[in-house]
Each structure stands twice: as structure tokens, then as C-alpha cells.
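Student: The structure follows.
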Amino acid sequence: MLEPNLNTGVILEPRRETDFVAGSESGVIHTERLPSGDWTSYLPPDERQKVFNFDTFGCVSFSALNVIECQIKLLTRKEVNYSDRYTIKQSGTTERGNSLRNVAESIRKDGLVPQADWEFP
């Protein structure tokens, strides 16, 4: 039995020379966006990887979208909620899970859709 808040399904892959890290080839972050490091007021609404006793294996998609949603709220003061289900599907998540590379490439190529357009049934 899985723990209720356990993230399952992350597939770790080695870094490639062509990977971008934090938006730069060198991996150096040039701007400190939130010096306090306290993201509490920017966190998205409570969302669970496991819904209705069904594990989506989408922890990587949930994580990526949470980061994007936090950044948007910090920079624009607007709260957005993108469809985890859409990104899970588009990025090819399986019962084994997915890699951050696949999720990031899917977000880049397929874009994001609002949660209201493709919610979990």
C-alpha cells in the first residue's frame, strides 16, 4: 500500500550536455526571485497525485506545473491552474512514471491547458 503523500513514478535520467538548467545552458540562475525563500503565499491550491483511490503516477507533471504556477503568481499576482491530467497524458506518463525531461519537452512542445478544460473525471 502506498503512503498517502508519497510521490511515485519519477524516472531519473542522467543529465545531457544539451539539457537546459533553470533556463540557462550553464545552469547558473542569474536572478534571485524570492530572497526570503518562503513560497507559502504563492503555492497552488491543494492537489493530489492520487485521486479517487487511483494513482496517476504523475508526480513529475504535478511538480513541474506547481513550479510554473508559483512563478506566474509571483511575477503577475495572477493565480493560474493548469491541467495536470493533460500534461500527464501528453508527456507519455506510464505506470512506471515519467522523467522530468519528457514532461519539460511536452510542456515546451504541447503547451499547457487550463485545469477547467481537462480535469480528472
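The values are calculated or read from the model by the stated rules, or taken from the named source; none is laboratory data. All values reported here derive from a predicted model rather than from experimental measurement. Cβ: placed from backbone, ideal geometry, glycine included. Neighbour counts: every protein chain shown. All accessible areas refer to the heavy atoms of the entire protein, side chains included, with ligands and DNA or RNA removed. Shrake-Rupley method; radii C 1.70, N 1.55, O 1.52, S 1.80 Å.
Student: Could you pull out the residue among 43, 34 that is at pLDDT below 90, in contact with a Leu (Cβ under 7 Å, 6 or more places away or on another chain) and more than 21 Å from residue 90 (Cβ to Cβ)?
Tutor: Only one candidate qualifies: 34.
Student: Next up: Can you pull out the residues in the stretch 32-89 that are β-branched (Val, Ile, Thr) and part of a strand (DSSP E or B)?
Tutor: Result: 51, single match.
Student: For the stretch 86-100, does any single residue satisfy the condition of being farther than 23 Å from residue 34 by Cα and aromatic (Phe, Trp, Tyr)?
Tutor: yes
Student: So in the stretch 66-121, with the set limited to residues that are acidic (Asp, Glu) and open to solvent by 50 Å² or more (accessible area, probe 1.4 Å), which one is nearest to the chain's Cα centre (by Cα)?
Tutor: Only one residue tops the list, namely 105.
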